[in-house]
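First comes the structure, then the notes that go with it.
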Amino acid sequence: MSMVRKRILILEDDRFLRRACRARLEQQGYDILTAQDGEEALAVVRSHPPDLVLLDLLMPRLNGLEVLRALRNDEATRGLPVIILSNSSRQEDVETIRALGICGYFVKANLSLQDLSRLVEGLLGPATAIGDGDAAHPGH
């Protein structure tokens, strides 16, 4: 069986930040999907289920909070790890979102790509997961 690369969906309408995150995570060996608004993101999640979502809160069409609620209300995505990217560090925003179950909250102004990639690796482990059949055949 082949090695399966972990898949991350980046939902971010800021092209510069989206590219920076994508480049950093691809460098680590993850497969990256991107979406530019909430509706597109939910469609991508259904067609290519990711292992993790990086979610911007301020988005056209469906905002990040609505996307997060939709993910949490769907049996298939309830446990999906989500990391928030936000321009807001307002305590009440952070608390509202934490209550929905997230793995991390980054304020964009002080986003360190190194911290982000460290958190992603902590959540997902290395980018490549060995397929189930490989345990029986070491060295393949």
*Only one of (1) of a type in the set (Val, Ile, Thr); (2) at pLDDT below 90; (3) crowded, with 18+ Cβ neighbours inside 10 Å fails for Val53. Which number is that?*
(2)
*Consider Arg18 carefully, then state whether it is charged (D, E, K, R) and either farther than 15 Å from Asn87 by Cβ or surrounded by 22 or more Cβ atoms within 10 Å (Cβ to Cβ) (or both).*
no
*Just wondering, is there one or more residues in segment 82-95 that are in contact with a Ser or Thr (Cβ under 7 Å, 6 or more places away or on another chain) and within 18 Å of Arg18 (Cβ to Cβ)?*
no
*asked:* Yes or no: segment 88-100 includes at least one residue that is surrounded by fewer than 12 Cβ atoms within 10 Å (Cβ to Cβ), closer than 21 Å to Asp14 by Cβ, modelled with pLDDT under 90 and not β-branched (Val, Ile, Thr).
replied: yes
*Limited to segment 40-61, what total is found for residues that are charged (D, E, K, R) and touching a helix residue (DSSP H, G or I) at 6+ places or on another chain (Cβ under 9 Å)?*
3
*Scanning segment 16-33 for residues that are assigned to a helix (DSSP H, G or I) and within 11 Å of the chain's Cα centre (by Cα), which turns out farthest from Asn63 (Cα to Cα)?*
Leu25
*Based on what the data block shows, is Phe106 surrounded by fewer than 16 Cβ atoms within 10 Å (Cβ to Cβ) and of a type in the set (Phe, Trp, Tyr)?*
no
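The values are calculated or read from the model by the stated rules, or taken from the named source; none is laboratory data. Predicted, not measured: the structure shown is a model, and the values here were computed from it. Glycine gets a Cβ as well: all are built from the backbone with ideal geometry, and neighbour counts include every protein chain shown.
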